[in-house]
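Reviewing the structure listed below.
Taken together, the values in this text are just the output of simple stated rules run on the coordinates, not laboratory data. On a predicted model such as this, the values are computed, not experimentally measured, just so you know.
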């Protein structure tokens, strides 16, 4: 995904133009079903409902601590490799292609030791209609939270350590292909547990990154309110099309 924008005098990104490939997500309800799966407290500390999470913002994640136990914590969206000299590289690493994870230094090491679940209850893609980009919202039909397969890293060359993450994408499934040729790698139920298994073989991990094509993946059109990352309210996920696809 490519995005560009301009910054205010305070350096805050005020506008983003999307070439969509999992560039926005939501987490507006506590992901209790996933937290319980990992025997974590059912409430995230300081949780705030989010309807329009954009690159460079914080994502709730679950990753393994040094002692091998799962922990929920926030990470900034946009991976900065530990060896990078310039943190702005994170702007170009909000997504990682599943097909080339083992070929890029920024992703191959995290794939072995620094995998994470990026918690979500929905995500957006933009469907091209001529020159127009139509925002579409994807969620599970029962509304439960799911995980986006992710990688993370810790950057320590700044004033303070910074933990960042990237969303892994894969080819679109049959249901999502009419919207976009790529989709995030969704991990539901046992697949989420398997992704964090420290003893898993690389081949087994890569097999989890298949297109999610089950019937419970629902998608519908939403308004252009979501195009502005400053908008973060239930209006972003309001259905404007007559039927789900």
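Worth pointing out:
- Share, in percent, of DSSP beta bridges within the chain that are antiparallel, nearest 5: 90 percent
- Helix-only CD estimate at 222 nm, as mean residue ellipticity for the chain, using -39500 (n - 2.57) per DSSP H run (n ≥ 4): -2500 deg cm²/dmol
- The chain - percent relative contact order, Cα under 8 Å, separation 6 or more: 21 percent
- In the set (i) 25, 22, 18; (ii) 32, 18, 18; (iii) 43, 22, 15, the label that goes with semi-axes √(5λ) of the Cα gyration tensor in Å computed for this structure is (i).
- Listed residues 170, 56, 193, most fluctuating in the chain (Gaussian network, C-alpha, under 10 Å): 193
- Taking the chain as a Gaussian network of alpha-carbon nodes connected by springs under 10 Å, the highest mean-square fluctuation of the residues 197, 86, 29 belongs to 86.
- Full extension of the segment from residue 99 to residue 39, taken as 0.36 nm per residue of separation minus the current Cα-Cα distance, would add 18.4 nm.
- Largest GNM mean-square fluctuation across 140, 187, 151, computed for the chain with C-alpha springs under 10 Å, falls on 140.
- Between the range 142-207 and the range 99-132, the C-alpha centres lie 6 angstrom from each other.
- When only Cα pairs below 8 angstrom with a gap of at least 6 residues are kept, the range 47-152 shows a relative contact order of 23 percent.
- The range 170-217: relative contact order as a whole-number percent, Cα under 8 Å and 6+ apart: 49 percent
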